[in-house]
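The structure appears below as structure tokens.
The values are calculated or read from the model by the stated rules, or taken from the named source; none is laboratory data. Keep in mind that what you see is a predicted model, and the values were worked out from it rather than measured. In this analysis, Cβ positions are derived from the backbone assuming ideal geometry, glycine residues included, and neighbour counts consider all displayed protein chains.
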Amino acid sequence: MVSKLRIEYANPSNLSDSIVIDYRLRSTSIVKRWLEKVAQAQELYTIDDSARFYGFGSYEVQVKDALDRINHNITVINLHKQIITRTLTDINDQDTLNYLHNIFEIHHGLLDQQDDEDWLLLPESVKYALADLNLCVHRCESVARGAEPRHVVTWYGLPKTDILELEDYDRVQYTWTAGTVFLNYVEIGKTLEDLTFDNDQYIAAGAFQPFRHYSADFVVRFFEQTPAQAAEKRAIIEQYYRDHKSFFGEWHTHYKPGNIPVADIVGAVPFAELESRQYVKSVNFIQE
């Protein structure tokens, strides 16, 4: 019986310089289904961005990296067709970030909508830039809001067709300890929590996408969220929902803020070792 997730973290400039961290899998039905998705992803695809880490390094370095990434994508997209009229110069410019996310929603499309002729005719570099624009928006938001340390593992090509079961939402957590592994949000759009804190004036109704689909994708959070922090955020989210109920409609279970955990780190987070090893070299599962 598989009992642990094992991730090998390497120095991106020297992959032989690596460490291994184990995470004990939780015993829930969604974990079993998630393991099947990871096995499928590893058989058919490679990890999209093995260096997708957040919250490491100085604030100044993170700001420069986030701005460089997002403006590079804007340049690539506009060289093909001038559709973006802004660049980002301030990491705290949430209005421009919302505008850029809307560009992504319109020109990339929502989940599994990348099959129309206009999309298929785009150069691969532009497709990548449009997809990455979304990630860059969220990276900028993350840095602006304090960028707690974490990393995300995704397999972009894997179809996102599986939907969470109603009882899976009973597993949603809004508090956690450092080193908890969660299912990653795979929808294209924004959740109730996103809208609460983004104050997005551009988003279309169809781009409000609660966490319903799941995939192999996961996030490892190397920071904790305490009950006090969780209570404060939940109160803000619940008030936002009440203030905008005409937009959201009646409450649904899948509106529930939080994420579904699948594993927990064995031991403490080795921050010193991770500082120079922000590259996921391998993802494996082991038996005890």
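Quick check on the stretch 39-62. Is at least one of its residues touching a strand residue (DSSP E or B) at 6+ places or on another chain (Cβ under 8 Å), among the aliphatic types (A, V, I, L, M) and either outside the structural domain of Lys160 (by TED's automatic domain parsing) or part of a strand (DSSP E or B) (or both)? The answer is no; no qualifying residue exists.
Does Asp217 count as within 18 Å of Leu183 (Cβ to Cβ), acidic (Asp, Glu) and crowded, with 17+ Cβ neighbours inside 10 Å? When the stated conditions are applied, Asp217 passes them.
Taking (1) within 19 Å of the chain's Cα centre (by Cα); (2) over 22 Å from Asn259 (Cα atoms); (3) surrounded by 14 or more Cβ atoms within 10 Å (Cβ to Cβ) in turn, Lys64 satisfies each apart from (1).
Tell me, which residue of the stretch 198-228 that is part of a helix (DSSP H, G or I) and touching a residue at least 40 places away in the same chain (Cβ under 8 Å) is nearest to Pro270 (Cα to Cα)?
Top of the filtered list is Pro227.
Cβ-Cβ distances below 8 Å connect the following pairs, each with a first residue in the stretch 261-285 that is closer than 22 Å to Lys32 by Cβ, a second residue that is in a strand (DSSP E or B) and among the hydroxyl-bearing types (Ser, Thr, Tyr), and a separation of six or more residues or different chains: Pro261/Thr180; Ala263/Tyr23; Ala263/Thr180; Asp264/Tyr23; Asp264/Thr180; Ile265/Tyr23; Ile265/Thr180; Val266/Tyr23. Name, by its number, the condition in (1) buried (at least 18 other Cβ atoms within 10 Å of the Cβ); (2) within 16 Å of the chain's Cα centre (by Cα); (3) of a type in the set (D, E, K, R) that does not hold for Arg145. Every listed condition holds for Arg145 apart from (1). In the stretch 46-75, the residues that are under 23 Å from Glu224 (Cα atoms) form Cβ pairs under 6 Å with partners that are surrounded by fewer than 18 Cβ atoms within 10 Å (Cβ to Cβ), at six or more places apart or across chains, as follows: Ala51/Pro12; Tyr54/Ser142; Gly55/Glu148. The residues of the stretch 246-255 that are assigned to a helix (DSSP H, G or I) and farther than 17 Å from Asp194 by Cβ, listed by number, are Ser246, Thr253. Within the stretch 12-31, the set of residues being closer than 21 Å to Tyr156 by Cα and touching an Asp or Glu at 6+ places or on another chain (Cβ under 8 Å) comprises just one member, Ile30. The residue of the stretch 170-201 that is farthest from the chain's Cα centre (by Cα), among those that are surrounded by 19 or more Cβ atoms within 10 Å (Cβ to Cβ) and aromatic (Phe, Trp, Tyr), is Trp176.
A quick yes/no check of all residues on (1) modelled with pLDDT of 95 or more; (2) over 30 Å from Leu5 (Cβ atoms); (3) touching an Asp or Glu at 6+ places or on another chain (Cβ under 6 Å):
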{"residue": "Arg33", "(1), (2), (3)": "yes, no, no"}
{"residue": "Gly55", "(1), (2), (3)": "no, no, yes"}
{"residue": "Thr75", "(1), (2), (3)": "yes, yes, no"}
{"residue": "Ile83", "(1), (2), (3)": "no, yes, no"}
{"residue": "Tyr99", "(1), (2), (3)": "no, yes, no"}
{"residue": "Glu105", "(1), (2), (3)": "no, yes, no"}
{"residue": "Pro123", "(1), (2), (3)": "no, yes, no"}
{"residue": "Ala129", "(1), (2), (3)": "no, yes, no"}
{"residue": "His138", "(1), (2), (3)": "no, no, no"}
